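Worksheet: the structure to be examined is printed underneath.
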Amino acid sequence: DRQGLLGPADVRELAGRLGIRPTKTLGQNFVIDANTVRRIVRTAELSPDDVVVEVGPGLGSLTLALLPEARRVVAVEIDPALAAALPATVAAREPELAGRLDVVRDDALRIGGLPGGDEPTALVANLPYNVAVPVVLHLLATLPSLRRALVMVQAEVADRMVASPGGRIYGVPSVKLAWYGTARRAGPVGRGVFWPVPNVDSGLVAFTRGEPPETTATREEVFAVIDAAFAQRRKTLRAALAGWAGSAAGAERALRSADVDPQARGEALDVAAFARVAQYRPGGAL
Ligand code: SAM
């Protein structure tokens, strides 16, 4: 392969040589199919100026395909053995591009910024599935320069990330992502492209940052209302938000002042409506 991408034999050989035994807790399923990483990179529509943040580079399957298409790649990996091995893998397979790579050994849920002067513009990642949504939300909150994302996640999670109000799958991930921008499905991925083979199917999600809705409330205040509404998603909002507002009557006032039916359920509200509800102040002043 011209690009030196990893195939099934390469992945096993690398893992064996490094003594990596993939763990479920860290969501370690490595891509062994070069066509899949090419498709991810193509779908990400990178420009040569992009600074890409990749969460969980693992053995480097995706990293190797990202490097030719971006100005820099900052790879954040929690597993010390994988983080330590990545520069040598890249140097062996893409020697001219190795200088574009920064490896950060850290938990992507805890990073507060990235090294180097460059601001990351795009997130491209085959995410660890158990923390996929928290990672995306944390990076969007922490890295304001991040404009776009193309992530591979569990198929059901992809559905939740892109869901519109009204259905059963619409929930916290859908609304919070909608605060930051627009997400859409960008195609399915079968389980056979991974080693070890996971017991779920995957999907690609493409995200573009937009303007958050108009509101006098902070993001934290809006997210608190979203969390409360979906913590008891089968209750009416009047009941579900009683704790948040101090009483059911307070919740009713907050909902009416936001032009929302107190008998509605959280799944009926778009992010703009949650942003209006969050403006409510118990004293009455808005
Ligand atoms: N990108 C590689 C690929 O496509 O083959 C590996 C993807 S694998 C699904 C997820 C990777 O994320 C693993 O390498 C795992 O060690 C790493 N990881 C898990 N939790 C993480 C976290 N909180 N922060 C950073 N990396 C994490």
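The values are calculated or read from the model by the stated rules, or taken from the named source; none is laboratory data. Remember, it's a predicted structure, so these values are computed and weren't measured experimentally. Backbone-built Cβ (ideal geometry, glycine too); neighbour counts: all protein chains shown.
Details
- Residues of the range 46-78 that turn out to be closer than 26 Å to S145 by Cβ and in contact (Cβ under 8 Å) with a residue 40 or more places away in the chain, as a count: 23
Results for (1) part of a helix (DSSP H, G or I); (2) hydrophobic (A, V, I, L, M, F, W, C); (3) without any contact (Cβ under 8 Å) to a residue 60 or more places away in the chain, shown as yes or no for each residue.
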position	(1), (2), (3)
A217	no, yes, no
E221	yes, no, yes
I226	yes, yes, yes
R238	yes, no, yes
G250	yes, no, yes
A273	yes, yes, yes
Y280	no, no, yes
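- Scanning the range 153-165 for residues that are within 9 Å of the ligand (Cβ to nearest atom) and surrounded by 17 or more Cβ atoms within 10 Å (Cβ to Cβ) turns up nothing.
- In the range 193-215, of all residues being in a loop (DSSP other than H, G, I, E, B) and among the polar types (S, T, N, Q), the one that is modelled with the highest pLDDT corresponds to T215.
- Residues within the range 167-184 that are modelled with pLDDT of 95 or more, more than 13 Å from the chain's Cα centre (by Cα) and not β-branched (V, I, T), tallied: 3
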